[in-house]
Amino acid sequence: MSWFSTELDSAIMLWRLERADGVTLGFAAHDRDVWRGNIQYRAAPGMRPSAIELHGNPEAETMDIEGVLSSDAIDEDDLAAGRWDRARMAIGIADWQDADRQPDWILEAQFGEIIRREDSFQVELLSGKNVLNQALCPRTSPSCRAEFGDRACGLSRSRFRRLAAVTAVDKANAAISFSGIDANIAQNFVEGDVHWVSGVNRGLSQRVISVDGAGLCLLPSPYFSIMPGDKARLTQGCDKTLATCQNRYANVINFRGEPHLPGNDLLTRFPN
């Protein structure tokens, strides 16, 4: 049976949200909760989408959703802390009177820009066609185009990880010190990441942008306060230069850049 084929239909819209840390929430544009599969879709009549327009051309499809913040579902602090960054959403239609009829999912997308306004939020959704906007052929560059630890790099990120606990927080310089990390080792973590496994920031990650002695400076700054004893998984980074690839990681055979290729300033190297 197709949707909206009768004079009176019991169709509702469902929203399934999956965060990057695995937390999954369901919402229904209805006045009561419904269950589909093993997911409870909470009544959320305040959530509404802009017009959904699907087409066959290669242009990327985007849409916006708006909703009212709820302290027990989508919390303002979680949005600000980044727990919903890169989350995925599926939007579908279900029959609220027929629990055996499976929903028809009409759109799956990833969260883009999130805009918060007082007690509400607006999210840009990016469909799978956005991958068509990526360059198909690599461009020449003096720095490495691979991401540290990916297939092109060839190194295993697990070899350069360690679990450490916070020993001190320097609020003046926004630097965090960890057990077993001294000033000589700290520099190796620049451009790496810190993934929190305990404390109120558990599940969140930040990038290491610089060091202050043995302290690591993170971006973005952790939204929740860091306390001594909080544990994190630290992963070393790479500045994508040939020297770092060769001297620190002995992986120059997999270097994905052209550091010796002349650039646009070639003509300026010689006198007129």
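In the stretch 69-110, how many are more than 17 Å from TYR41 (Cα to Cα), aromatic (Phe, Trp, Tyr) and open to solvent by 20 Å² or more (accessible area, probe 1.4 Å)?
Counting residues in the stretch 69-110 that are more than 17 Å from TYR41 (Cα to Cα), aromatic (Phe, Trp, Tyr) and open to solvent by 20 Å² or more (accessible area, probe 1.4 Å) gives 0.
Can you name the residue in the stretch 28-40 that is of a type in the set (Gly, Ala, Ser) and under 29 Å from LEU204 (Cα atoms) and is also least open to solvent (accessible area, probe 1.4 Å) among such residues?
Ranking the qualifying residues of the stretch 28-40, first place goes to ALA28.
Do you know which of the residues in the stretch 72-113 that are assigned to a loop (DSSP other than H, G, I, E, B) and among the hydrophobic types (A, V, I, L, M, F, W, C) is modelled with the lowest pLDDT?
ALA73
Determine which member of the set VAL190, VAL200 is at pLDDT 95 or above and aliphatic (A, V, I, L, M).
None of the others qualify; the one that does is VAL190.
Is it the case that some residue within the stretch 128-149 is in contact (Cβ under 8 Å) with a residue 60 or more places away in the chain, closer than 21 Å to ALA20 by Cα, of a type in the set (D, E, K, R) and touching a Gly at 6+ places or on another chain (Cβ under 6 Å)?
No, the stretch 128-149 contains no residue that is in contact (Cβ under 8 Å) with a residue 60 or more places away in the chain, closer than 21 Å to ALA20 by Cα, of a type in the set (D, E, K, R) and touching a Gly at 6+ places or on another chain (Cβ under 6 Å).
When you go through (1) assigned to a loop (DSSP other than H, G, I, E, B); (2) touching a Leu at 6+ places or on another chain (Cβ under 9 Å); (3) under 17 Å from LEU219 (Cβ atoms) one by one for ALA186, which number turns out not to apply?
With respect to (1) assigned to a loop (DSSP other than H, G, I, E, B); (2) touching a Leu at 6+ places or on another chain (Cβ under 9 Å); (3) under 17 Å from LEU219 (Cβ atoms), ALA186 is out only on (1).
What about SER225, is it under 20 Å from the mean Cα position of the chain (by Cα), within 24 Å of TRP84 (Cβ to Cβ) and open to solvent by 50 Å² or more (accessible area, probe 1.4 Å)?
no
Considering only the stretch 186-203, how many residues are touching a residue at least 24 places away in the same chain (Cβ under 8 Å) and open to solvent by 10 Å² or more (accessible area, probe 1.4 Å)?
Here the count works out to 11.
Out of the stretch 160-178, which residues are farther than 21 Å from ARG202 by Cβ, surrounded by fewer than 17 Cβ atoms within 10 Å (Cβ to Cβ) and in contact with a Ser or Thr (Cβ under 8 Å, 6 or more places away or on another chain)?
Across the stretch 160-178, the qualifying residue is only ASP170.
Are any residues in the stretch 129-146 modelled with pLDDT under 90, basic (Lys, Arg) and surrounded by 13 or more Cβ atoms within 10 Å (Cβ to Cβ), and if so, which ones?
Passing the criteria: only LYS129.
Kindly provide the set of residues from the stretch 1-27 that are open to solvent by less than 60 Å² (accessible area, probe 1.4 Å), over 18 Å from ARG88 (Cβ atoms) and either hydrophobic (A, V, I, L, M, F, W, C) or assigned to a strand (DSSP E or B) (or both), ordered by number.
Matches in the stretch 1-27: TRP3, ALA11, ILE12.
Evaluate the following for THR244: is it of a type in the set (Ser, Thr, Tyr) and either out of contact with any helix residue (DSSP H, G or I) (no Cβ under 7 Å at 6 or more places or on another chain) or open to solvent by 20 Å² or more (accessible area, probe 1.4 Å) (or both)?
For THR244, the condition - of a type in the set (Ser, Thr, Tyr) and either out of contact with any helix residue (DSSP H, G or I) (no Cβ under 7 Å at 6 or more places or on another chain) or open to solvent by 20 Å² or more (accessible area, probe 1.4 Å) (or both) - is met.
Checking ASN254 against (1) within 30 Å of ALA80 (Cβ to Cβ); (2) open to solvent by less than 50 Å² (accessible area, probe 1.4 Å); (3) at pLDDT 95 or above: exactly one of these is not met. Which one?
Just one mismatch for ASN254, condition (1).
Do we find that ASN264 is at pLDDT below 95, open to solvent by less than 30 Å² (accessible area, probe 1.4 Å) and not acidic (Asp, Glu) in this structure?
So ASN264 does not fit the description; no.
Does the stretch 115-123 include one or more residues that are farther than 30 Å from ASP239 by Cα, at pLDDT below 85 and not in a strand (DSSP E or B)?
The answer is yes; a qualifying residue exists.
The values are calculated or read from the model by the stated rules, or taken from the named source; none is laboratory data. Bear in mind that the values here come from a model prediction, so they are computed numbers and not experimental data. As a convention, Cβ positions derive from the backbone with ideal geometry for all residues, glycine included, and neighbour counts pool all protein chains shown. Protein only, heavy atoms only, side chains kept; ligands, DNA and RNA dropped before computing areas. Shrake-Rupley method; radii C 1.70, N 1.55, O 1.52, S 1.80 Å.
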